[in-house]
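Below: the structure, in structure tokens.
The values are calculated or read from the model by the stated rules, or taken from the named source; none is laboratory data. Since we're looking at a predicted model, the values are computed, not measured. Cβ: placed from backbone, ideal geometry, glycine included. Neighbour counts: every protein chain shown. Please note that ligands, DNA and RNA were not included when accessible areas were found on the heavy atoms of the full protein model with its side chains. Shrake-Rupley method; radii C 1.70, N 1.55, O 1.52, S 1.80 Å.
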Amino acid sequence: MKTKKLHIISTGKQKPEQLAEIIGVIHPYIDFIHLREKTKRAKEVYEMVELLADKKVPLSKIMINDRVDVACASNVKGVQLAYHSLPVEIVKREFMDLTVGCSVHSIEEAQIAEQQGADYVIFGHVYSTQSKPGLIPKGIEQLWSVSESVSIPVIAIGGITPTNSREVIEAGAQGVAVMSGILEAEDPLEAVKQYRSYLSE
Ligand SMILES: Cc1ncc(COP(=O)(O)OP(=O)(O)O)c(N)n1
Ligand SMILES: Cc1nc(C(=O)O)sc1CCOP(=O)(O)O
Ligand SMILES: [Mg+2]
């Protein structure tokens, strides 16, 4: 079985130094860290990449949410496009070196992302989560339908725990994306090891 991917999404609430400290410790166990810092300016996000690099986090593990300019300028792996971001096809056409992930919330969005050349999609939110308060979760069956409807990897997001990771993998996900379960854990290293063990079984 191909090893499933573990993406970590920054909360936007932690100080850059605090995030860098945590990722500096857990990066050997993760595939990608996404900087999703919606209230920060481009320069601040760029500086966060520098902090991560200082902690020896490989640039090849860093994705930038939305900001194609920052992703290019900082030479990271790629960009995670949100619903308000530039279209996938434009980013793929103009920035060929970037890996492009797209956040989707339906079969139709996933298929459009695939047609436009996305390298993978993140689908959610699968389970209810404090990180998306008041929004009804999509559930495991929709995850299954989305996974069936595209050929590119589908990464599940939203309320993912170590134990339900197995269920989402069985539903066709090629990996999981986690925010609070690791970055807000009392012991992020222990938490990431737990996710990793469920994803590797
Ligand atoms: C139904 C639905 N639409 C949009 C969003 C949020 O979109 P996304 O692009 O994933 O942005 P963030 O999750 O990063 O805020 C959603 N969750 N649900
Ligand atoms: C950033 C994000 N996007 C989602 C989506 O469905 O598009 S769910 C989500 C938050 C995931 O946080 P947690 O791991 O704490 O549940
Ligand atoms: Mg999202």
- Task: Answer yes or no: is there a residue in the stretch 16-27 that is over 25 Å from Lys193 (Cα atoms) and open to solvent by 30 Å² or more (accessible area, probe 1.4 Å).
- Result: no
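Here is a yes/no grid of residues against (1) surrounded by 18 or more Cβ atoms within 10 Å (Cβ to Cβ); (2) under 21 Å from Ser180 (Cα atoms):
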position: Arg36; (1), (2): yes, yes
position: Ala53; (1), (2): no, no
position: Ile64; (1), (2): yes, yes
position: Val70; (1), (2): yes, no
position: Leu81; (1), (2): yes, yes
position: Phe95; (1), (2): no, no
position: Ser103; (1), (2): yes, yes
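Looking only at the stretch 162-176, which residues are more than 16 Å from ligand 3 (Cβ to nearest atom) and open to solvent by less than 50 Å² (accessible area, probe 1.4 Å)? Before you say what the answer is, go through the steps one by one.
Of the residues in the stretch 162-176, the ones more than 16 Å from ligand 3 (Cβ to nearest atom) are 162-167, 169-172, 174.
Matches in the stretch 162-176: Pro162, Asn164, Ser165, Ile169, Ala171, Gly172.
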- Message: It is to be established whether one or more residues within the stretch 99-113 are in contact (Cβ under 8 Å) with a residue 24 or more places away in the chain, away from ligand 3 (no atom under 14 Å from the Cβ), under 20 Å from Val150 (Cβ atoms) and part of a loop (DSSP other than H, G, I, E, B).
- Response: no
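Evaluate the following for Gln142: is it surrounded by fewer than 21 Cβ atoms within 10 Å (Cβ to Cβ), modelled with pLDDT of 95 or more, within 16 Å of ligand 3 (Cβ to nearest atom) and farther than 23 Å from Ile64 by Cα? Outline the logic, then answer.
On the way: surrounded by fewer than 21 Cβ atoms within 10 Å (Cβ to Cβ): yes; modelled with pLDDT of 95 or more: yes; within 16 Å of ligand 3 (Cβ to nearest atom): yes; farther than 23 Å from Ile64 by Cα: yes.
Yes; evaluated as a whole, the condition is true for this residue.
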- Note on the structure: Of (1) surrounded by fewer than 21 Cβ atoms within 10 Å (Cβ to Cβ); (2) within 14 Å of ligand 1 (Cβ to nearest atom), Met179 fails just (1)
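Assess whether Gln111 counts as being open to solvent by less than 10 Å² (accessible area, probe 1.4 Å), within 16 Å of ligand 1 (Cβ to nearest atom) and among the polar types (S, T, N, Q).
Details: open to solvent by less than 10 Å² (accessible area, probe 1.4 Å): no; within 16 Å of ligand 1 (Cβ to nearest atom): yes; among the polar types (S, T, N, Q): yes.
So Gln111 does not fit the description; no.
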